[in-house]
1. At 7 Å along the Cα-to-beta-carbon direction for both Glu139 and Asn109, put a label point, then send me their distance in nm to one decimal.
2. Can you tell me the dipole magnitude for region 4-147 around its Cα centre, using point charges on the Cβ only (Lys, Arg +1; Asp, Glu -1), in Debye to the nearest 20?
3. For the chain, build the charge dipole from Cβ charges (+1 Lys, Arg; -1 Asp, Glu) around the Cα centre, then report which of Ala71, Val140, Val96 sits farthest towards its positive end.
4. What lysines does Lys149 reach when the alpha-carbon gap must be under 24 Å and sequence neighbours fewer than 8 apart in one chain are set aside?
5. Note the full-extension length gain between Ile2 and Ser64 as 0.36 nm times their separation in residues minus their Cα-Cα distance, in nm to one decimal.
6. Over the chain, consider all pairs of different Cα atoms and compute the Kirkwood hydrodynamic radius from their mean reciprocal separation; express it in Å, one decimal.
7. Have a look at Trp47, Val61, Pro11 and report the one farthest towards the positive end of the charge dipole of the chain, computed about the Cα centre with Cβ charges (Lys/Arg +1, Asp/Glu -1).
8. Just add up the charged neighbours of Asn119: K/R +1, D/E -1, any other residue whose Cβ is under 10 Å from the Cβ of Asn119.
Amino acid sequence: SIPVVAIVGRPNVGKSHLFNRIIGEATAIVSDEAGTTRDRHFGRAEWAGHDFWLVDTGGLVEDSNLPMDVAIRRQVMEAIEEADLMLFVCDARVGVHPSDARIMDLLRNSQKPWLLVANKVDNPESADYFEFYRLGVTEVYPVSASNGKGSGDLLDAVVGAI
Ligand code: GDP
Ligand code: MG
């Protein structure tokens with residue numbers, strides 16, 4: 001069966017932009033307003049001869065009991081259960097956010113493979129993303145969902161991991 005890759009992370013880190021970048025067409029609803037992507041979105045992607053399903057998810061707010069946040073959290077947990085690989089997207093402009101460590105615990109508990117993606121590295125010379133190595137991962141993938149920089153290296157890693 002075709003592997004499933006789920007994009008997860010806090011609201012507004014650029015998950016939906018990355019989804020669109022990878023799929024190469026506007027199949028997800030993208031909004032500038034944080035937390036508006038409530039439904040999961042699926043797309044079929046192909047890279048270097050490898051097919052996979054890509055899943056966009058809503059923004060994870062780990063410490064909220066608001067009904068919408070709880071509903072999104074449940075959907076994200078389902079997406080993780082169905083996924084073979086997760087792309088954990090962080091915002092290099094914000095840097096390491098307290099919620100990032102909590103989301104990472106959740107991913108580690110899933111016992112599934114995941115890659116840490118530092119998005120919004122629009123200028124590849126920027127060193128903004130180095131601080132994500134503090135989270136103890138062996139590799140950080142800097143990308144710009146906006147201009148596409150780094151997405152080829154990320155996709156090489158994705159198809160290498162599925
Ligand atoms: P999501 O909530 O994680 O799905 O994030 P979105 O994809 O909706 O993007 C949130 C905001 O970040 C939007 O205002 C985007 O324009 C912006 N954004 C997304 N990717 C990038 C990027 O690579 N670079 C920059 N500078 N902004 C980005
Ligand atoms: Mg979104």
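Rule-based calculations on the coordinates, nothing more; no lab input. Just so you know, these numbers come straight off a predicted model, no measurement behind them. Backbone-built Cβ (ideal geometry, glycine too); neighbour counts: all protein chains shown.
1. In this crude label model, Glu139 to Asn109 measures out at 2.7 nm.
2. Details: 14 positive and 22 negative charges, 35 e Å.
Result for region 4-147 is approximately 160 debye, rounded to the nearest 20.
3. My answer, from the dipole projection, is Ala71.
4. Lys15, Lys120
5. On the way: separation 62, 0.36 × 62 = 22.32 nm, distance 3.38 nm.
Length gained between Ile2 and Ser64: 18.9 nm.
6. Details: mean 1/r = 0.0645 Å⁻¹.
About 15.5 Å, per the Kirkwood formula over Cα pairs.
7. The residue sitting farthest along the positive end of the dipole is Val61.
8. Working: positive: Lys15, Arg21, Arg93, Lys120; negative: Asp91, Asp122.
Result for the neighbourhood of Asn119: +2.
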